[in-house]
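Down below is the structure, laid out as structure tokens.
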Amino acid sequence: MQLLVIKLNSLQAIPEYALLGKKQADDRFTPSNWKKTSSLTRGRRVLLLIPNSDVVLSSLNIPSKSRKQLLRAVPFALEDSLAEDLDDLHFAIQQSDSTQDTHVAVINHQRLGLYIALLREHKITPYYVLPQLLAQQFEKDSWSVIQGSNSQNPEQTNDVDVSVRTNKYTGFSCNQSLLNLFLVEQFENQPTKKIATNIQQDMLPSELQECDFNKLDAGIIEYKSAIAGLDLNLLSGYMQKGNTTNTVNWTAWRPALVLAGLLATTWGVILGWQNTQLQQQHKQLDTAINRVFLDTFPKSRVVDAPQQMKSKLNALQKQTGKTIDSPIPLIADIGPLLKKYKDINLNELRYQEGELTLMLKTPSLTRLENFKKEAKNNAGLDVKIKDSNTTADKVEAKVIISPLSALDNNTRLMRVTA
């Protein structure tokens, strides 16, 4: 991949560029003008580096692998630490493959739009946007610490900013006067053995003096270090408001999008809570079933409560010669299937006259049809789907469960035997 890296220290600053690729491992930033910079885009993807002060970086541990659920949950998890309203912010996320850590980059939506508009004004379309610190030198188990002039006020030489990259997607920037305080705190939480920096070693805290120090040239960017952070691209999921180059007329859809956003926010809280509570709910369900069984049959030993309840009920029916109207057999049959389909949530359960009514929420109609087929073929249950409501990412349905008729059950047994 060939990259044109454009660095901007502010919206008013002149662009600096560097050319990187598999055959060009590093390059020095060159101050230029927009005409020259624009001429270099052919055959290259554009990586725009913006001031660190415009972006908030954070890491969270959210037990979900669904990107949609993460995008809904992350803003609320960070709300108390952000100075702006959530509606004014854009969130880019990246989830670690090896851990459940979710890395987040946050930027004011309008400000990101200004950077994009500036490049498009000069006929440049960015492919990636990152804060500058996520393009500085990166090595595993190593930090890079770069001292430079204030990104917003480059002429104020007494006002110095320092940026620290601690991992692929993490780091921070601060004023020089606060650097040692933040470095010590970071070192206590995430110690490192190596530090690459353009700051004199004796200017750094004593706690870091035992690390291996390497000299760093702040004006050079490395290809491997730049591409390491690309998955936290600020353009991920970004939709520019009022984008006239978009082929879709979003104005007509604005009321629907506003409504969808409100619904997504509401469901985001619910789904995030459900996901973290899923295992606990299964344990609570098992505990409740066991308790009902022991209350009904106190002298029995629990092995498989649903099946034991079903067997006890069958024995009672044989003794009395009467059919006992009870939901226990249906619950015993459908319970294991509900546990198997972990992505199908049970919201409500009712029983009346031999029918069990379930209010289910599933990812898709296909998943619900598979559930229905398995309930019939393996559990001998008749499943009827009624009053389904389908949205982009879920299906809510009223499902009626009852035993198969004798004819249908015989047909099922013949298929199984065959």
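Tabulate in residue order the Karplus-calculated ³J(HN,Hα) for the stretch 371-381, using 6.51 cos²θ - 1.76 cosθ + 1.60 with θ = phi - 60°, rounded to whole Hz; enter x for Gly and Pro.
Karplus-based 3J(HN,Hα) across the stretch 371-381 equals 4, 4, 5, 5, 4, 6, 6, 9, 10, x, 10 Hz.
Each label point is 7 Å from the Cα along the Cα-to-Cβ direction; what then is the distance between the points at Ser32 and Thr391, in nm?
It works out to 4.7 nm between the two label points.
Given R₀ = 25 Å, what would the calculated FRET efficiency be for Gln176 paired with Phe213, taking r from the Cβ atoms and rounding to 0.05?
0.90
Across the stretch 37-43, in residue order, what do the Karplus-derived ³J(HN,Hα) couplings come to in whole Hz, using 6.51 cos²θ - 1.76 cosθ + 1.60 with θ = phi - 60° and x for Gly and Pro?
4, 4, 5, 9, 6, 4, x
Between Arg45 and Leu60, 0.36 nm times their residue separation minus their Cα-Cα distance comes to what?
2.4 nm
Could you calculate the contour length gain from Asn370 to Glu139, that is, 0.36 nm times the residue separation minus the distance between their Cα atoms, to one decimal place in nm? Could the numbers behind the result be given before it?
On the way: separation 231, 0.36 × 231 = 83.16 nm, distance 4.73 nm.
Computed gain between Asn370 and Glu139 is 78.4 nm.
Met359 versus Glu188, label points 7 Å from Cα toward the beta carbon: distance in nm?
4.9 nm
Rank by packing, highest mean first: peptides 4-15, 331-342, with packing defined as the count of other Cβ atoms within 10 Å averaged across residues.
4-15, 331-342
Return the FRET efficiency for the residue pair Lys398, Tyr127: r is the Cβ-Cβ distance, R0 is 60 Å, and the value is rounded to the nearest 0.05.
After rounding, the FRET efficiency stands at 0.80.
When DSSP assigns beta bridges and you keep just the ones with both residues in the stretch 3-247, what percent turn out antiparallel, to the nearest 5? Can you show the working numbers first?
Working: 36 of 53 bridges.
Roughly 70 percent of the beta bridges in the stretch 3-247 run antiparallel, per DSSP.
Between Ser81 and Asp231, take the C-beta separation as r, use R0 = 22 Å, and let me know the FRET efficiency to the nearest 0.05.
On the way: r = 23 Å, r/R0 = 1.02.
With a Förster radius of 22 Å, E is 0.45.
A short reminder: the numbers here are calculations on the coordinates, not readings from a lab. Keep in mind it's a predicted model, so treat the numbers as computed, not measured. Reconstructed Cβ throughout: ideal geometry from the backbone, glycine too, with neighbour counts over all protein chains shown.
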